[in-house]
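Structure first, then comments.
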């Protein structure tokens with residue numbers, strides 16, 4: 001077992017990554033893929049000769065890191081199976097990531113302070129945005145008016161995507177659900193995409209799970225059935 005000698009902690013270490021992927025694309029794709037498990041504080045990927053093909057993802061909670069290690073082990077990421085284990089915490093994040101752990105820790109404290117204030121003023125029901133992990137109902141605030149009247153379809157229409165979104169990033173998200181067939185994006189219209197499944201039952205499952213998913217903090221996905 002890869003994690004046998006390292007105690008569970010909030011950071012994970014990933015290796016066997018495709019070395020041809022550019023650093024920024026790699027970081028965005030990792031953020032996109034692992035956000036389903038919980039709030040991410042930092043993603044570290046360096047392109048120095050010794051650290052190519054490796055990355056670190058720091059979560060706000062140990063349980064999120066544990067779920068990521070368990071569920072994403074050997075997941076095919078850019079055509080290579082990921083090898084995942086818990087990071088050696090400070091030794092990995094400080095010595096190998098040039099102090100990123102320290103800045104991440106400061107960010108975590110700031111976010112915790114902001115979250116405490118928000119919970120005090122708004123109550124527990126307002127804490128955290130929609131995720132596929134918190135057990136809340138799929139995010140109706142993100143559904144455009146009139147969407148509910150659209151009949152079920154095996155093709156989903158995705159809106160409010162950040163312009164830097166790639167088909168690979170979307171495939172990493174939507175291919176996790178049964179019946180996935182393909183992603184279609186339109187170069188002339190950034191910010192939207194179509195995702196096709198085998199049938200409308202499978203597309204409905206994916207829509208429910210990923211409605212409101214944030215590829216970036218500012219861009220919750222708006223998912224509806226495509227017009228027939």
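The values are calculated or read from the model by the stated rules, or taken from the named source; none is laboratory data. No experiment lies behind these values; they were computed from the predicted model shown. Cβ placement follows ideal geometry from the backbone for every residue including glycine, while neighbour counts extend to all protein chains displayed.
Looking only at residues that are more than 16 Å from residue 35 (Cβ to Cβ) and part of a helix (DSSP H, G or I) in the stretch 146-199, which one is nearest to the chain's Cα centre (by Cα)?
So the first thing to find is which residues in the stretch 146-199 are more than 16 Å from residue 35 (Cβ to Cβ), and the list is 146-157, 159, 163, 167, 178-199.
Next cut, part of a helix (DSSP H, G or I) only: 147-149, 167.
On the way: 147: 25, 148: 26, 149: 29, 167: 14 Å.
Here the answer is 167.
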Considering the stretch 183-199 alone, what residues qualify as being more than 20 Å from residue 25 (Cα to Cα) and buried (at least 17 other Cβ atoms within 10 Å of the Cβ)? 195, 196, 197
Is there a residue being over 20 Å from residue 112 (Cβ atoms) and in a helix (DSSP H, G or I) anywhere in the stretch 1-21? no
Within the set of pairs 6 or more residues apart or between chains, which connect a residue that is assigned by TED's automatic domain parsing to the domain that holds residue 151 and without any contact (Cβ under 8 Å) to a residue 12 or more places away in the chain inside the stretch 215-227 to a residue that is buried (at least 19 other Cβ atoms within 10 Å of the Cβ) and in a strand (DSSP E or B) with Cβ atoms less than 6 Å apart? none
